[in-house]
Every structure is written in C-alpha cells, then in structure tokens.
Amino acid sequence: MRELCALLGGNGPFQQERLHHLQRGLRTPAEARVTHHTETNGDHWILAGHQYQASRLSPETCIGSVGSVTVLADMDAPDQPRLRRKLGEQNLSGAALVAAGFTRLGAKLAAELRGSYSLIIWDRHHRRLTLALDPLGAKTLYYHALGENSWAIATHARTLRHLAKDRPPEPRAALMWCLNEYDTRFSMWQDIHGLRPGEWLTFNGAGEPDGKRRGIHRDHTGPVTLDRLWSTLQTCVAEATDDATRTHAMLSGGLDSSSVAAAFTHHHGRPPSCHAFAFETLHDCAEQAFSQKSAEELGAPLHLYNAEQFPAFYRQDGIQPPENPFQSNDPLEYAVFQKINKLGGQTLLTGHGGDTLFTNPPQSTLLRFPWRANAAASRNLFTKAKRAWQVWLAHLPPDGLQRAKARRRGLWKRHPAWLRQTALQTADPWSLFDLIGLPTGLNPLTHYLHTRMTRDAAGVRRAIHWYNRAALETGIHIAHPLFDERLADLILCLSREAWHKHPEPKGLQRDLLRSFTGLGVCERLEKPTLTAYYHAGIKAEQAFLTEACNALDAPWFDQKKFCHEVETFCAGTPPYPTADFLSAAWYLVWLSQDFTSN
C-alpha cells in the first residue's frame, strides 16, 4: 500500500512548515521510507512507502500530469484496459492515464475505472480539487480545509492531525463506533473528513464539497457459474502476488481464509506458508485447531503465535489507535509481519471480504411478488423520501442512526447510556444520513447485495484499513483477494435460483470449495469468534480503564454511567457485544491521553 499526501492551493510563509508536519505524520517509518516529492507552482505532492515495496512505488504510475490536470493515485490496477480503449491511449497507465481521462471525460471518468483506487485530482487552471474512492472502499482518503481553495489531503487521518493539533475530538465518531458503524466521513478529529466508498467529491469555488457516489459496475454478461467464480478468484489471487515463493497466507480456520489459500495452491501448484493465532487457555477461541486442519489439508507449513502473550487491551507508548479505536492488537499483528520478513516473505493474503460476498441473503429478498416489477421504478425515490422524513423527525444522530440500522437489518442497537444525546445534537441532521440512492432498476435481491457490499460493509473495511496501515511499518504487502470488484460483479449477477441451490450457511462458497479443492473445511461449521480473548483483555485492564475515563472531561460523556458499564461488562461472561464495547473503551482511553506528540 502506498501513502498519498498533498498540500494544494496554499501559499505564504506557512507552506513549508505545513509540509514538514505532513511528512512527520506519515505512518511509514522514516528510516525505511521511500519518498517521491513533486512541487508545481507551490502545490506539493508526496508519494511514500516502505523500501520493501519499492517495486510498487513507481512515480510514473502514481504521479502524472496532462495539461493543467495533475493526479496522485494509489491504484491496484494501473493499466485500466477499459479506459485505455475509451481514450485510445495505449502508452499511458496509472496517474497519467487518469489525468488524460479526467481532462476528456470529467466526472464521467468514474464509470470507466475498475479495481481499488484512491485519487487526488487537481486542476491548476480552474483551482478545482476532486477526490475519489473505489465503490468497495478498500482504501481511505482524508482531507482538511486550510482556507479558501487550500487543502491538505492524505491517506490517513493521523497524517493530517499533525497539521491540526488544536482540532477537538469528534463525538459523532464515538457514536459511530459504539453502534458498530464505520462512516469514514467522520474521523476522530473535527474538520478532518474522509470519503465514503464510491464517493467522488469536487470542491467548488467556495471550498464546499459537492459529492456523488457510484456503485459497482455490472460488466459481466452470461450465466454465472462456479467455474467462472473460481477462475476469477484465482485471477484476483494471482494478480496480488508478485512472487509466489514469497507469498504467505493468514489462516483463521474459516471458509474465507481457506478459500484464498486454496485458490493460491490451485493456481501456483504449491501452498503458501500459513500463519495463525493460538490460545493456550481460552478454549472458546478455537482458531488454532481449525487452522491446523486447514493447513494439513492444503499441505502448507503453519506458524502459530500465542495470542495470550499479547494483551487485547494494549497501551504501550507509541502504539495508539490511529484513525479508529477498534482494531486488532498491534504487537500481535506486528509479530506476524516481522516473522514474515524473517522468512523472506513479501505478500500476505487474507480472507477479508468473504462474509460480505458469500453470506446467504435473507429469505425475504429471494421471494418473488407480482407487484415488484411495477414498484421497482419508484422504490429508490420512495425509500429516500421515507428515510429523509425519519431522520428529520429523529433530529438526533443516535436516534436516526439506530432507527436506520434497525430498519435496514432488522436489528435494534441500544444507545450507550454514557453518551449524552444533547451534546450530539446537530442543526443539520441531513448530513448524518446517506440519502444518495443506489443505481436505479435493481431488483430487491441485487439491491440488498449491492448495499451489503458498499454502504454496509463496515466490518470488512475496518479490518482491511487497519491491516493496510499496520503493514506500512513493516513493508509487507497485504492483499485481500475476496474484496474485489470483479468478484462482487459476479455475485451481483447471481439469480434467486442460484442462491436457492446453496441453502446452507455460505453454501455458494462451500460448493465452490467442494468442486475444486475437496477441502474438509467446507463441511465444518464456522469457527468460534475471539470474544473470550477481548473480554479477558479488557477485564485485565479494568482499573486502568476506569481511571483513564474518570480523567476525561467532555460534555457528551457521563463518567459515572461509563464506569458502571465497565463493571457490568467485566462481571459478565461471553458472549457479550464485545466489539461495540471495545471500540468505545479504546476511544475513551485514547481521548483521555495526550497523544499529540506521536
């Protein structure tokens, strides 16, 4: 993964100081950093990455200009054959190709791009900034307005935090995490905003963003077969691995990671070196046994890491939550990355995205009704109007978010008692809700799957973004083959009858493995979760958590109620809504400390 950073439209004596702060905020260690810095008429463009990924840091594909348009790009597929054919430019690729496309097509360029990308597009002549993300949201991009027609943009919010140390925390971000949401519009600091999946933001002359979101493009034609799915998965895995001998895989013993490792083995004729977590005393966390079975079936070497040596609730200096408070344990993941480096590894494959693609849709979306066709044309407009009215009546972010989540997923999230609603009240409730509709003409099944893969894929995007950030410090290239637009396109084209053929949980993925690998994992139930691990980690740090949160003085935070929540949580036994509580606990401890120097 590359780090993008730009300082645009600013002039004056503070420009060099701002540039220095931005470079200090890059996550890639300075001693191992490869940096390409370009300056044009006072505008600064920075491309950075780890020296171990030098082959992926070519400035020719990441920084390019055509006329007055300059592009800084982080693209997994820089060749973009569809766009090349459209423009008739066979010699351009990466940022230069995007710049040529934007010059000719403008915002319509979004319909021609494929794969994962984040783009910073600057038109010097019109002093106009455009920011863009791919529809799945596999990457991140944040921006901070410095003044009229002047911005700082970076891959990570923490980079911009070094420019805006006086920014207060954003309570709405705390609310998002407590409700297990992941809305990248809200970073942990006020006035540092992010883009949502598929969003293209263009800033007008007054510096205000005007955004549109695009969905997953439907390029596939013909019936979707298991052969086509398996072939596409192998293509995604092959493209993510520069050197098969230096590729490793992270196993959890579940279907998703096993599918990726099996596709690699089938394509290259040899299994990858695998890694997995072990728990010696927490028997509820059975990842070790499940991972060992998958590795044995693949014939792959397996490296185990005793996770209990690394507390889930970690507070060592210098290891703080960056953009979000909920993440896997830093030292535990670093131990895996460092081991891969010692073994001469270069790429780590994960199974993130499998649940988003292969989980069976609810039965209600698989039913047919005679009035569906007549109602399809008006569904999006009616839904948007209904949600707008609900948000307007709710007026408070907690109520609006909870009600929306309940209606979308059939759930009703409890509102944390220690978050005071009055402090979260906003004069603009419309901004807290996504009223941008999905592509028109989608049937209920496709509409559901499209929403699940884009707007609702909070958990997978959260995990992917953290893995990408953590890997920057060790130089390991992290690949998530299941979180790919080509696979999403095929899944969206599946008919109701195809889903009915695979009624068991994640039946489509199980039949895929049965047909092409014969792995026994497709006959096992899903692996147990890590709830017990997180519960034990928070319980061990109960005293510190209580003390740290007592020191937090914020109008939206009730210390007494939070301490009561901590006691209730630690006295309970799994299963408990650990992810929600852990994210809230991390956030509060993080806010109660002074991390501005890091």
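The values are calculated or read from the model by the stated rules, or taken from the named source; none is laboratory data. Here the structure is a predicted model, which means the values were calculated and not measured. Reconstructed Cβ throughout: ideal geometry from the backbone, glycine too, with neighbour counts over all protein chains shown. Just so you know, the surface numbers come from the protein's heavy atoms only, side chains and all, with ligands and any DNA or RNA stripped out. Shrake-Rupley method; radii C 1.70, N 1.55, O 1.52, S 1.80 Å.
With the structure loaded, tell me whether residue 134 is farther than 26 Å from residue 14 by Cα, modelled with pLDDT of 75 or more and either in contact with an Asp or Glu (Cβ under 7 Å, 6 or more places away or on another chain) or not β-branched (Val, Ile, Thr) (or both) or whether it fails that test. Show your work before the answer.
Numbers: farther than 26 Å from residue 14 by Cα: yes; modelled with pLDDT of 75 or more: yes; either in contact with an Asp or Glu (Cβ under 7 Å, 6 or more places away or on another chain) or not β-branched (Val, Ile, Thr) (or both): yes.
Here the answer is yes, as residue 134 does meet what is asked.
Residue check: is residue 174 open to solvent by less than 10 Å² (accessible area, probe 1.4 Å), over 24 Å from residue 494 (Cα atoms) and either assigned to a helix (DSSP H, G or I) or modelled with pLDDT of 85 or more (or both)?
yes
So residue 54 ticks every box in (1) small (Gly, Ala, Ser); (2) surrounded by fewer than 17 Cβ atoms within 10 Å (Cβ to Cβ); (3) part of a loop (DSSP other than H, G, I, E, B) but one. Which box is left unticked?
Only one criterion in (1) small (Gly, Ala, Ser); (2) surrounded by fewer than 17 Cβ atoms within 10 Å (Cβ to Cβ); (3) part of a loop (DSSP other than H, G, I, E, B) is unmet by residue 54, namely (3).
Among all residue pairs at least 6 apart or on different chains, which show Cβ distances below 8 Å where the first residue, located in region 505-519, is of a type in the set (Lys, Arg) and the second is buried (at least 21 other Cβ atoms within 10 Å of the Cβ)?
Every condition considered, the pairs that remain are 506/255; 506/354; 506/358; 510/255; 510/522; 514/522.
Inside region 223-260, can you point out the residues that are in a loop (DSSP other than H, G, I, E, B) and open to solvent by less than 10 Å² (accessible area, probe 1.4 Å)?
Of everything in region 223-260, those that are in a loop (DSSP other than H, G, I, E, B) and open to solvent by less than 10 Å² (accessible area, probe 1.4 Å) turn out to be 251, 253, 254.
Going by what's in this entry, would residue 71 be described as within 21 Å of residue 124 (Cβ to Cβ) and open to solvent by 40 Å² or more (accessible area, probe 1.4 Å)?
no
Say we look at region 270-303 and pick out the residues that are assigned to a loop (DSSP other than H, G, I, E, B) and farther than 24 Å from residue 342 by Cα; which of these is least open to solvent (accessible area, probe 1.4 Å)?
Applying the filter and picking the extreme gives 285.
Looking only at region 476-504, which residues are in a loop (DSSP other than H, G, I, E, B) and surrounded by fewer than 22 Cβ atoms within 10 Å (Cβ to Cβ)?
493, 494, 495, 501, 502, 503, 504
Six or more apart or on different chains, Cβ atoms under 7 Å: show the pairs whose first residue is in region 247-269 and without any contact (Cβ under 8 Å) to a residue 40 or more places away in the chain and over 20 Å from residue 338 (Cα atoms) and whose second is part of a helix (DSSP H, G or I) and open to solvent by less than 10 Å² (accessible area, probe 1.4 Å).
Taking only residues 6 or more apart or on different chains, the pairs are 267/237.
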